[in-house]
1. Could you list, in sequence order, the residues of the stretch B:39-60 that are farther than 30 Å from residue B:151 by Cα and either among the aliphatic types (A, V, I, L, M) or in a helix (DSSP H, G or I) (or both)?
2. Go through A:214, A:186, A:178 for me and flag whichever is closer than 14 Å to residue B:227 by Cβ and at the interface with another protein chain (Cβ under 8 Å from one of its Cβ atoms).
3. Return yes when residue B:213 is at the interface with chain A (Cβ under 7 Å from one of its Cβ atoms) and touching a Phe, Trp or Tyr at 6+ places or on another chain (Cβ under 7 Å) and no when it is not.
4. Show me the helices (runs of 4 or more DSSP H) entirely contained within the stretch A:119-232 in which 1 or more residues are more than 23 Å from residue A:30 (Cβ to Cβ).
5. If you check residue B:63 against the conditions, is it free of Cβ contacts under 8 Å to residues at least 60 places away in the same chain, in a helix (DSSP H, G or I) and more than 21 Å from residue A:24 (Cβ to Cβ)?
6. Can you find a residue in the stretch A:59-70 that is over 12 Å from the mean Cα position of the chain (by Cα), touching a residue at least 60 places away in the same chain (Cβ under 8 Å), assigned to a helix (DSSP H, G or I) and away from chain B (no Cβ under 11 Å)?
7. Just one of (1) at pLDDT 95 or above; (2) out of contact with any Phe, Trp or Tyr (no Cβ under 9 Å at 6 or more places or on another chain) trips up residue A:170, so point out which.
8. Restricting to the stretch A:117-149, name every residue that is touching a strand residue (DSSP E or B) at 6+ places or on another chain (Cβ under 9 Å) and within 7 Å of chain B (Cβ to nearest Cβ).
Amino acid sequence: MAWRFLLAILLGGLCYLDRTAACQLMLHRPLVVATLMGAVFGNMAAGAQVGVVLELIYLARLPVGASIPPDDTGAAVFGGSAAAIASSSIGLDAGSFTALLLLSVVAAEAGKAVDRFVRKVNVRIARLTAESVDRGDMQSVEHGLLAGLVLFAVTGMVLTLVFSGAGVVVSQELLPRFGPASRGNFAILLPALPLLGAASVYSCSRTERTAPVFFLTMAAVFGATVLFRWTA
Amino acid sequence: MTMPALAPRSRSAVWRRQFLLQGCWNYEGMQNVGFAYAILPALRDFYANRPDEALKAVKRHLEFFNTQPAMGALILGASVRLEERVASGEADPRAIGTFKVGLMGSLGAIGDSFFWGALRPMASVAGALLALLHPLLGIAALLLLYNGVHLTLRRRGFAAGMEGPEGAVGWLKQAALNVRTDDRKLLAAILAGAYAGVFAGRFFVQGGGVPHALASLLLAAAAVHLFAVLFRKAVSPSEILSFLLLVGVLILWR
């Protein structure tokens, strides 16, 4: 298990760097992160299932100006690792799947709080950089940026360790305490989650034509799905 | 005064360094350290034998700066060109600050709307749909759809900026990002409708005839509408998920 955590920390650190500090190539998106964590902890497909739902849920919150959206990367680290572990122990039934998706909100909010803290520490780094430049040291700009990058990377690694550890503990210790019947009751909430994701995209893609286009496509695809299931 | 030259190696360094614009993002100067870091190789070329002026130039770029990171490439390119003019005595140093402040807000708004409000949702929902077929297919679609446009706009924006502020403004007009934003938003809405339809069909129709299917569709559409209304009223996804988690705990308690 130790090497799995080590690999998760390395990959998580890279994904967290992509989130704010470097590149923004979307390597930090829940679909990518949850699939990676699923693969690291033994079941890529289980991680991807979590990623497909989490990918859209937080899109309604844009990283505009100084506002910090919930940490969907952290939610994916938790959900992906937990889903992979659950699939190899109690099985990833609908109830466990729903519970993991809902519990991931704790990781998303905790990660957001840590992100705020990092940016406050960066104020100190930026001030020190400016003071060094005032003293004639131009190279301090490079040192300041490196310090910021290291802070973002280390924080990402620590968050990955904490969230993936929490995912493993939840799947190994918490979920098995509830029997299949109890978990089955939890599954009643599952249909709301992908619809929440679709609503998230719908609300941030608003134009004059969004509503008719969205609901007509939804009806057409729903009809096709139902027909396919009836005829299959 | 002769025009100081920007070495090709320094131009490449500035291009690479723009990807770390947010490397030291902070609440006070926001992207200031990242911007100064990115433009540093150019400043070293322009003020090669003038350390005092080089320091003044670095301080200029440690002022507050914040824009959408991909759009920062355009401002960075144009700032390099302006610094070149300042170094050769053709322009006033204050013009750089005025130019950056004048452009970062409007480009930030355009970039936020295009990248975060249109391109990313479109790529995300396309990736999520294709991941239902195979996870790696979904990831590839998400990364290619987003980065194909993202990296192209960064490259073209930087090149246009390097032609000077006039080139930057000309490129902005030509790029017509507002039209592209609406197109991507519409495509995102279509794909999100398909996503909602797939999941509504999977979860809701467990048996029954046409009336049952129609009721399921209406229920799913009403749920999407309710969530969208809540988002418009500034309720966050985390608050909705927390409420659902509470409902789940109550169900378990029962």
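1. B:48, B:51, B:52, B:53, B:54, B:55, B:56
2. A:214
3. The answer is no for residue B:213.
4. Here the list reads A:140-169, A:180-186, A:210-231.
5. Details: free of Cβ contacts under 8 Å to residues at least 60 places away in the same chain: yes; in a helix (DSSP H, G or I): no; more than 21 Å from residue A:24 (Cβ to Cβ): yes.
Considered against the rule, which asks whether it is free of Cβ contacts under 8 Å to residues at least 60 places away in the same chain, in a helix (DSSP H, G or I) and more than 21 Å from residue A:24 (Cβ to Cβ), residue B:63 comes out as no.
6. We begin by selecting, within the stretch A:59-70, every residue over 12 Å from the mean Cα position of the chain (by Cα); these are A:60-68.
Narrowing further to those that are touching a residue at least 60 places away in the same chain (Cβ under 8 Å): A:60, A:62.
Adding the requirement that they be assigned to a helix (DSSP H, G or I) leaves A:60.
Next, from what is left, pick out any that are away from chain B (no Cβ under 11 Å): none.
No; the residues of the stretch A:59-70 include none that is over 12 Å from the mean Cα position of the chain (by Cα), touching a residue at least 60 places away in the same chain (Cβ under 8 Å), assigned to a helix (DSSP H, G or I) and away from chain B (no Cβ under 11 Å).
7. Checking residue A:170 against (1) at pLDDT 95 or above; (2) out of contact with any Phe, Trp or Tyr (no Cβ under 9 Å at 6 or more places or on another chain), the one that fails is (2).
8. A:119, A:120, A:122, A:123, A:125, A:126, A:148 - these are the residues of the stretch A:117-149 that are touching a strand residue (DSSP E or B) at 6+ places or on another chain (Cβ under 9 Å) and within 7 Å of chain B (Cβ to nearest Cβ).
The values are calculated or read from the model by the stated rules, or taken from the named source; none is laboratory data. What you are looking at is a predicted structure, and each value in this text was computed from that prediction instead of being measured. Heads up, the Cβs are rebuilt from the backbone with ideal geometry, glycines too, and the neighbour counts pull from every protein chain shown.
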